[in-house]
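The values are calculated or read from the model by the stated rules, or taken from the named source; none is laboratory data. Keep in mind that this is a model prediction, so the values were computed, not measured. In this analysis, Cβ positions are derived from the backbone assuming ideal geometry, glycine residues included, and neighbour counts consider all displayed protein chains. Ligands, DNA and RNA are stripped out before the accessible areas are found, and what is left, the full protein with its side chains, is counted by its heavy atoms. Shrake-Rupley method; radii C 1.70, N 1.55, O 1.52, S 1.80 Å.
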Amino acid sequence: MTQLRTAPRLAEPDEFYAALMEAHRALDDAASRKLDAKLILLLANHIGDMTVLRQALAIAQGGKPEE
């Protein structure tokens, strides 16, 4: 079974965070939520594994990933 990787893997996490904040800078709340939704769907498509995506959803909701 595929497991969600939760250990840090970004070589430059601060650089990604800055780019994410910059992408949101001039957006109103609705446009910001739309950007987040598009980014989530693009990354979910890249992952492509429903087991991993369910694990991520569970953790993001404050729960424990399903085994």
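Observations on the model:
- Fraction of accessible area attributable to carbon and sulfur, the chain (%, probe 1.4 Å): 58 percent
- Cα convex hull, region 25-67: 73 Å³ per residue, rounded to a whole number.
- Basic side chains Lys and Arg get +1 at the Cβ, acidic Asp and Glu get -1 at the Cβ, and with that the dipole of the chain about its Cα centre reaches some 180 debye.
- Charge sum, other residues only, whose C-beta stays under 13 Å from Leu35's C-beta, Lys/Arg counted +1 and Asp/Glu -1: 0
- Taking all protein chains into account, the per residue accessible area for region 25-67 stands at 85 Å² (1.4 Å probe).
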